[in-house]
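S.K.: I have a structure I would like to understand better, so I am pasting it below and will then ask my questions one at a time.
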Amino acid sequence: MRAIQLDLLSTILVAFVVLFAGRALIARSALLARFSIPAPVVGGVVVAILLAVLDIAGGIRIGFDMALRDNLLLMFFTTVGLSADARMLAKGGPKLLVFLAIAMAFVIVQNVVGIAAALAMDLHPVVGLLGGSVTLTGGHGTGAAYGGRFGDTMNIAGSMELTMACATAGLVLGSVLGGPLAEYLVRRHRLAPATVETAAVEAHDSDTPVDAITPNSVLNTLFAILACLAGGKMLAGLVQGTGIILPDFLFCLLLGVAIRNIATLIPGVRLSGATVDLLGAVALSLFLVMALMGMRLVDLVSLAGPLLVILALQVIVMALYAAFVTFRLMGRDYDAAVLAAGHVGFALSSTAAALAIMKAVTERRGPSPLAFVVVPMVGAFFIDIANALVIQGFLALPFFGFPS
């Protein structure tokens, strides 16, 4: 086995090449474009497959320096917070509350499916929980935290490896499923963006001054982002011992919301929305590319057998829930279709993947301002709090035997 380790600079360069390759593949494939699969996902998955073949057939293992990856995710969620004007959030109104209730209910459904499948296959119920909201809704961060706890307190062998493999599989499945689901709903119900809402948005934009991206706006925004990253990591460290597991990005997002809304109250202080969106898009694209191209698909062999059954069931239930519950309760319109795709994204993968899916759908089909207000707040904020509480509730059930 020959190992090749790339340094940080080389890793970043490869990430750009992979992103450009994903764009090129979509431009040349009507199928990929039709299903609105994001370019970072296409490029990242293709490279992960090629690296796995190289590892198995050629005995060559290429490693990347992923030191920047997690910070890119934090940067992205900080930009979500910096875009969250309280007046804009108020526009979500009842829709935001309904979508939150739908998403919270699915967290419970996800765990019931995982635990029921595990018990049916004579596995420990914790395995079903790990194949549920711990790794799918929670992602790698929550999965790693609980995987460590389960390994230490319940002596479950390989719990950390299991959580990482499940979260990785979820990242791929959610990224691939969301776009086709949205396209199916749009075509099946012949949906289109609301012309009145679009006109209103355009009219609002025409009344606001041009938000030019300048060197000063980039520097000011980068300073705000880095301040949120530093403060978010500090806050995460302070609450680490409370027993409630929350990811670092939640604190970065909250600080971003606070800075954005405080800035609107101070005369002469203003963050450039266009610059925030630009840096957020860059961070999101590079994060997804690095996360996917850094996957070790060979390690997913550990999911063989019963765990693959659990994940297959989760994908089927998610698709049905999004199509028949999320879409219908959110109004059966174009916004509801985009929201359903976003729900698939953060319930199986991550909020970053959800927004990438929605961006790919709206670039092809038309704008959905409501979806880009509701999904980040629910997927990146409220659902993580709800997920932590739901997990704690399931662990309190007697058949888990989890020490309090």
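S.K.: Give me the net charge for the shell around Leu13: Cβ to Cβ below 14 angstrom, other residues only, Lys and Arg +1, Asp and Glu -1.
M.R.: Every neighbour counted, the sum reads -2.
S.K.: Another question about this same structure. Need one number: convex hull volume per residue for the chain, Cα atoms only, in Å³.
M.R.: 150
S.K.: Follow-up. List the residues, sorted by chain then number, that are 5 or more residues from Gly63 or on another chain and whose placed amide H is less than 5 Å from its amide H.
M.R.: Those qualifying (amide H under 5 Å, at least 5 residues apart or on another chain) are Ile4, Gln5, Leu6.
S.K.: How high is the relative contact order of the chain, in percent, counting Cα pairs under 8 Å that sit 6 or more residues apart?
M.R.: For the chain, the relative contact order is 30 percent.
S.K.: Sticking with this structure for a sec: Among Gly268, Gly58, Gly44, which one shows the highest mean-square fluctuation when the chain is modelled as a Gaussian network with alpha-carbon springs under 10 Å?
M.R.: The residue that fluctuates most here is Gly268.
S.K.: Here is a follow-up. ³J(HN,Hα) across the range 181-190 via Karplus (A = 6.51, B = -1.76, C = 1.60, θ = phi - 60°), whole Hz, x for Gly/Pro?
M.R.: Karplus values, whole Hz, x for Gly and Pro: 5, 4, 5, 4, 5, 5, 6, 4, 9, 6.
S.K.: Where the accessible area of the chain is counted over protein heavy atoms with a 1.4 Å probe, how much of it, in %, is carbon and sulfur?
M.R.: The computed percentage sits at 69.
S.K.: Starting from the Kirkwood Rh over alpha-carbon pairs, what translational D in µm² s⁻¹ does the range 61-123 have by Stokes-Einstein at 4 °C and 1.567 mPa s?
M.R.: It diffuses with D of about 82 µm²/s by this estimate.
S.K.: Could I ask something else about it? Under the Karplus relation 6.51 cos²θ - 1.76 cosθ + 1.60, θ = phi - 60°, what is the ordered set of whole-Hz ³J(HN,Hα) values for the range 342-353, x standing for Gly and Pro?
M.R.: Going residue by residue, I get x, 4, 4, x, 7, 7, 10, 10, 6, 5, 4, 5 Hz, with x marking Gly and Pro.
S.K.: What order, most packed first, do the peptides 108-121, 22-35 have when packing is the mean number of other Cβ atoms within 10 Å of each residue?
M.R.: 108-121, 22-35
S.K.: Hey, what's the chain come to in accessible area per residue, 1.4 Å probe, Å²?
M.R.: Heavy-atom SASA per residue in the chain reads 45 Å².
S.K.: For Tyr184 and Ile213 in one chain, what is 0.36 nm times their gap in residues minus the Cα-Cα distance, to one decimal in nm?
M.R.: The span from Tyr184 to Ile213 would gain 6.8 nm if fully extended.
The values are calculated or read from the model by the stated rules, or taken from the named source; none is laboratory data. Computed from a predicted model, the values in this text were never measured in an experiment. Methodologically, a virtual Cβ is constructed for each residue, glycine included, from the backbone with ideal geometry; neighbour enumeration extends over all protein chains shown. These accessible areas exclude ligands, DNA and RNA; they are computed on the full protein's heavy atoms, side chains included. Shrake-Rupley method; radii C 1.70, N 1.55, O 1.52, S 1.80 Å.
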